[in-house]
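The values are calculated or read from the model by the stated rules, or taken from the named source; none is laboratory data. In this text, all values refer to a predicted model and were calculated from it rather than measured experimentally. Using ideal geometry, Cβ is built from the backbone for each residue, glycine included, and neighbour counts are taken over all protein chains shown.
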Amino acid sequence: MQAAIDAGLDVLAYDMPSSGTAGASFYGRGTDGASRLVVDEEHGVIVGATFTGADVGDWLHGATIAIVGRLPVEVLWSAEPAFPSRSEVWLKLLEQRETQLAAENNDQPHILSAA
């Protein structure tokens, strides 16, 4: 995140435990791990991501595609993960972003869904 700030980007970080989804129960209770997205809020794109924990490689690959492709965060709402799966962490991170931005603007969250 510091590299993005040093580069002059208007970034915010969104954190979620990697065990914060229904699918995480397949790995047992209290499975350690953390997930973070760093979003350039001026352009609405992910510029950084960190995932730790068991079997998070696919998440990292998904983040790499989103970052390299400069996909708008709003487009990521259309890529709904399977339920229940640990990949739901993506939805949890996007929901957290919407909630945090709404709180900063004294507004209601605008949770988008492809459904």
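Observations on the model:
- The residues on offer are VAL89, VAL38, and the sole one that is within 28 Å of GLY8 (Cβ to Cβ) and in contact with a helix residue (DSSP H, G or I) (Cβ under 7 Å, 6 or more places away or on another chain) is VAL38.
- Criterion (of a type in the set (Asp, Glu) and surrounded by fewer than 13 Cβ atoms within 10 Å (Cβ to Cβ)) met by exactly one of GLU88, GLU104: GLU104
- Residues located in region 11-61, provided they are modelled with pLDDT under 90, of a type in the set (Gly, Ala, Ser) and under 13 Å from the mean Cα position of the chain (by Cα): SER18, GLY20
- Subset of region 39-69 (residues that are β-branched (Val, Ile, Thr) and either without any contact (Cβ under 8 Å) to a residue 24 or more places away in the chain or outside any strand (DSSP E or B) (or both)): THR50, THR52, VAL56, THR64, ILE65, ILE67, VAL68
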